[in-house]
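One structure is given below, encoded as C-alpha cells.
No value in this document is a laboratory result; all are computed from the given coordinates. Please read these numbers as outputs of a predicted model, since none were measured by experiment. Using ideal geometry, Cβ is built from the backbone for each residue, glycine included, and neighbour counts are taken over all protein chains shown.
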Amino acid sequence: MRLREKTIWVTGASSGIGEALVRELATRGNRLIISARNRAKLETIAQELDLPPENVLVLPLDLSQPERCTEWVDQVLQHMGPIDLMIHNGGISQRSRAVETDWKVDERLMVVDYLGTVALTKALLPHFLERKAGHFAVVSSLVGKFGTPLRSGYAAAKHALHGFFDSLRAELWQENIRVTLVCPGFIYTQVSINALGADGKATGVMDEAQAKGMPAAQFARKMIHAIEAEKREVNIGGKEKYAVLLKRFFPGIFAKMIQTAKVT
C-alpha cells in the first residue's frame, strides 16, 4: 500500500513521533485526522500543513477515556468518510523503580497505553470489516519486546499491545485487515520529559540517550516505509535495537547486560 492520497488517523499527533508522522504524511497528499489532548497544538499543526482545510480534521481525544471511543469514531467517519489507516501513537512513558511507584501510575499507564488503544481499535474495527480493508499501525517500543530498569509499568503496557495485536492479526488476515507493530528505540522527542515518575507527575528531565536519539522525522520516514511494505513488526532506532536479537539468541548475556544498561 502506497501512503498517498489515503485517509489516515494519527493519535498522539501533537508532538514527537506523531507530529513528525503527520507532517511527512501531509507531503504525500493524504487526508488526515489528527488527535491528541492538546487542541491548540493540533490546530497550529493543521494550519501549517500544506493541505486543503477539508483534508485535515482536528479531533482532540484523551485515551484515558476509552468509553468515548465509539463517539470519536462516529465523528471521524461522518466528517472524513472511509478510513484506510489507523496509526496508534498516543501514550505516555515512565521513569521510576517498581518498588517506589504507586500502583495508580501502573493503572494510568495501562489505561492510556493499552486499554485506550484497544478500545479505539474495537470501535473502528466494524468499519474495516465492512469495507474488507484496513490497516492498524501501532507505535510500541523496544520495551514491548524486553523489560528494562525504570520502565516496569510502561513495558507491561507495551508487551500487552503486542499480545493483543498479534492475536488480532492472526484472527483477521483473511478479512484483509493488516497490523504493523513498530518498536522505536531512542528517538529524539519529549517522551522522557513527559514520562511519569513514581508519584505520577512528569519527571521534566530529558534522558541523555533520548537526546542523542534518532530524529523524529527520520523515524517517521522509516515507519511509513514499513507500513507501505506491510511489515508485521519492525524495530527502528540505533544500536539499541539489536538488544532484541541479543535476548532471543543469548538470553543469559542479555539478562546480565540489562541490569546495568544505561537507559536514561
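Structural size metrics of the chain, computed from C-alpha coordinates, are Rg and Dmax of 17.8, 54 Å. Here the Karplus curve 6.51 cos²θ - 1.76 cosθ + 1.60, taken at θ = phi - 60°, turns the phi angles of the range 132-139 into couplings of 6, 6, x, 9, 9, 10, 10, 7 Hz, with x standing for Gly and Pro. Our note on the geometry: Cα centres of the range 112-178 and the range 193-264, 18 Å apart.
Between helix 16-26 and the chain there is an angle of about 30 degrees, using the helix long axis and the longest principal axis of the Cα atoms. Relative to the longest principal axis of the Cα atoms of the chain, helix 69-80 runs at roughly 40 degrees. Toward the positive end of the charge dipole of the chain, with +1 on the Cβ of Lys and Arg and -1 on the Cβ of Asp and Glu, the farthest Cα among ASN176, TYR242, GLY12 is that of TYR242. Of the cross-linked pairs LYS201/LYS231; LYS6/LYS262; LYS212/LYS247, which ones have a Cα-Cα span greater than 30 Å in the structure shown? Flagged as over cut-off: LYS201/LYS231; LYS6/LYS262.
Highest mobility in the GNM of the chain, judged by mean-square fluctuation with C-alpha springs under 10 Å and restricted to GLY153, GLY204, GLY252, is found for GLY252. Amide H contacts of ALA137 (H built 1.01 Å from N, in plane; Pro and chain starts excluded): MET86, ILE87, HIS88, THR180 sit under 5 Å, all sequence-distant by 5 or more or on other chains.
Treat the count of other C-beta atoms within 10 Å as a stand-in for reagent exposure and order ILE187, ILE34 from fewest to most.
ILE187, ILE34
Which of rounded, prolate or oblate describes the range 109-164 when judged by the alpha-carbon gyration tensor and an a/c cut-off of 1.5? Note, shape of the range 109-164 comes out prolate.
Under a 5 Å amide H cut-off, with hydrogens placed 1.01 Å from N, THR7 pairs with ARG31, ASP84, LEU85 among residues at least 5 apart or on other chains.
Given +1 at the Cβ of Lys and Arg, -1 at the Cβ of Asp and Glu and no other charges, the dipole of the range 7-239 around its Cα centre is 520 debye to the nearest 20. DSSP bridge analysis restricted to the range 7-239 gives an antiparallel fraction near 5%, rounded to the nearest 5. Sorting 210-220, 154-164 by their mean Cβ neighbour count within 10 Å, with the most densely packed peptide first, gives 154-164, 210-220. Roughly what angle does helix 216-228 make with the longest principal axis of the chain, taking Cα atoms, 0 to 90 degrees, to the nearest 10? Relative to the chain, helix 216-228 is tipped by roughly 60 degrees.
Couplings 3J(HN,Hα) for the range 87-104, derived from phi with the Karplus relation 6.51 cos²θ - 1.76 cosθ + 1.60 (θ = phi - 60°), are 9, 8, 10, x, x, 9, 10, 8, 9, 6, 6, 4, 5, 9, 8, 4, 4, 5 Hz, where x marks Gly and Pro.
Take each peptide in 128-135, 171-178, count the other Cβ atoms within 10 Å of every residue, and average; sorted highest first, the result is 128-135, 171-178.
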